[in-house]
Structure formats: C-alpha cells, structure tokens
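In what follows, a single structure is set out as structure tokens and then discussed.
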Amino acid sequence: MIEQITALYDKNLSCPHCQAAFSSKRVRSGSLSMLKRDSDFCTYFKEQALNPILYTVNVCPSCGFAFTDLFDERLAPGQKKLVSELISAKWTPKELGGIRSLPAAVAAYKLAIYAAELTDQVHSVKAGLYLRLAWLYRFTANAAEERRFLQIAVHEYEQSYIHSDYTRGEKEMSEVRILYLIGDLMRRIEQYDKAIQYFSHALEFRNRTIETGILQMAQDQWAQAREEYKEKKKQPQVAMIS
C-alpha cells in the first residue's frame, strides 16, 4: 500500500460542467514496470493496481460529471442541461478521486461513457472508453462483458475512421494504427473477414509510414486471422429445425 501511495500523485482539475475544482489521482510514469502488451495495446504491469487506465477517468465529486482529458473542454448549453437533468439531479456528492480498485474503475468508466454519449463526444473518445472498459473486464477474466464492450468499441473506431475524428483523440492514433486496431478488434470478436480486410488496408501503408512495428503486427495478425477464419469455416454448422 505504501508503494501504491507514493507512486500516485494528485492532478488538479476543473469540471467542464459545473466548474468545480477538484483533484484526481494519476500514476507517476517512472513507477511502472511493464510485463506484457496484448495485440490490441492492452498493457499489463508488474503492479496492476498502478495500471494508468484505472485513473484515466475523472469524476467530479460535486455534480457527478465524469470525463477524461480528451473530452471537449467546454459543454454547449444544451449539453449542460442534459447533464444537469440526467446526471447531477440524481447524484449524491462523493469523492472518487482517490485510490481505485478495479470495480471502482469500472464504475468510473461507465459514468464517463454515459457522459460522453450525452454530450456527443467524438467517436474516437467514446471508442477509447469502451475499449479500456473491455480491458478492465479482461483483467477480471469476464469474457462475456469484455466481448460486449469490444463490439461497441470497434463500431466506434469504425465510425471514427469514417469521420476522420481519430486525429482528435489519442495523440498516437495514426491512420495505419487505427486500421490495424480495428482489424485486431474484429479478429477478437470473430469477425474474421472484416479483420482480414482492415489488416490488408493497414499493410497498404508499406513504404508510406515509419510505423514499421505496426506493419509487422498487422502482418502477423493478418496471418492469424486467416488461420482462425479457416478453422471457423471447418466447424460443423448446426441445422435449424423448423
């Protein structure tokens, strides 16, 4: 617990909805020791209680509005009205900016997703929230909930790509990276034909990108998706009885 406390610091914030000042914990980057990273960029650390995604969401203790650093800094009057009526009016003031357990992080993400939908945040922001929520369920081996939120995440990432709003989201999200990520998420939800298409689009960036690591991952996952697709087609189909 002492190690956890010293690895965290308080970030001062201002709520985009009610302008209340509050603080929320963040993880000092130097305190992290990575163990592995999944093909969809889900990262595991030696001390999982210090995984930064536990602390990505800020929850205003005064009004209940939950947001990340990627949300729009200002809300339109109509959006504020919705937040007031559907979130703040039902909110019991409480402090969620301290040390977070996995269940507390899940609750924070669900609050942020609701807020993101109400305030019409860009697809890339919503996609990132859904994906990280899926990762939290992966950490607890809840395969059903993980798959549920991966399906929503990949839909949002597709919309982000179509509307080209991925450039307004995470700073590392390039065109080749989002194509790769959509492919990987499609493979994980067993949409193998779509996965192969997206990986192929990513591989078209050969000689056009310096992200050679992403290209190698796309090549590897393209091959894996093809194998999994072949195996799936070999499985006997259950006949429908009328």
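The values are calculated or read from the model by the stated rules, or taken from the named source; none is laboratory data. The model shown is predicted, which means the values in this text are computed figures rather than measured ones. FYI the Cβ positions are ideal-geometry reconstructions off the backbone, even for glycines, and counts take in every protein chain you see.
A few points about this structure:
- Subset of region 34-56 (residues that are more than 18 Å from the chain's Cα centre (by Cα) and not aliphatic (A, V, I, L, M)): LYS46, GLU47
- The criterion of being in contact with a strand residue (DSSP E or B) (Cβ under 6 Å, 6 or more places away or on another chain), surrounded by fewer than 19 Cβ atoms within 10 Å (Cβ to Cβ) and not β-branched (Val, Ile, Thr) does not hold for LEU70.
- Against the numbered list (1) surrounded by fewer than 22 Cβ atoms within 10 Å (Cβ to Cβ); (2) at pLDDT 95 or above, VAL83 comes up short only at (1).
- Checking each residue in region 50-67 for being of a type in the set (A, V, I, L, M, F, W, C) and part of a strand (DSSP E or B) picks out VAL59, ALA66, PHE67.
- Flag if ARG187 is in contact with a Phe, Trp or Tyr (Cβ under 9 Å, 6 or more places away or on another chain) and basic (Lys, Arg): yes
Let's see how each residue does on (1) farther than 18 Å from VAL125 by Cα; (2) within 19 Å of the chain's Cα centre (by Cα); (3) outside the structural domain of LEU131 (by TED's automatic domain parsing):
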position: HIS155; (1), (2), (3): no, yes, no
position: ARG168; (1), (2), (3): no, yes, no
position: TYR192; (1), (2), (3): yes, no, yes
position: ALA195; (1), (2), (3): yes, yes, yes
position: PHE199; (1), (2), (3): yes, no, yes
position: LEU203; (1), (2), (3): yes, no, yes
position: ARG208; (1), (2), (3): yes, no, yes
position: ALA218; (1), (2), (3): yes, no, yes
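- Listed by first and then second residue, the pairs linking a residue in region 142-154 that is under 17 Å from ALA107 (Cβ atoms) to a residue that is among the small types (Gly, Ala, Ser), with Cβ atoms under 9 Å apart and 6 or more places separating them unless they lie on different chains, are GLU145/ALA134; GLU146/ALA134; ARG148/ALA134; PHE149/ALA134.
- Residue tally, condition in contact with a helix residue (DSSP H, G or I) (Cβ under 9 Å, 6 or more places away or on another chain) and within 30 Å of PHE139 (Cα to Cα), over region 80-96: 2
- The residue that is farthest from ASP38 (Cα to Cα), among those in region 192-230 that are touching a helix residue (DSSP H, G or I) at 6+ places or on another chain (Cβ under 6 Å) and among the hydroxyl-bearing types (Ser, Thr, Tyr), is THR209.
- Within region 177-221, the residues that satisfy the criterion of being part of a loop (DSSP other than H, G, I, E, B) and among the acidic types (Asp, Glu) are GLU190, GLU204, GLU211.
- So GLY64, is it crowded, with 16+ Cβ neighbours inside 10 Å and at positive phi: yes
- Positions within region 5-38 being in a strand (DSSP E or B) and among the polar types (S, T, N, Q), in sequence order: ASN12, SER14, SER23, SER24
- Top-ranked residue of region 101-130 - restricted to ones that are outside any helix (DSSP H, G or I) and within 14 Å of the chain's Cα centre (by Cα), ranked as surrounded by the most Cβ atoms within 10 Å (Cβ to Cβ): GLN121
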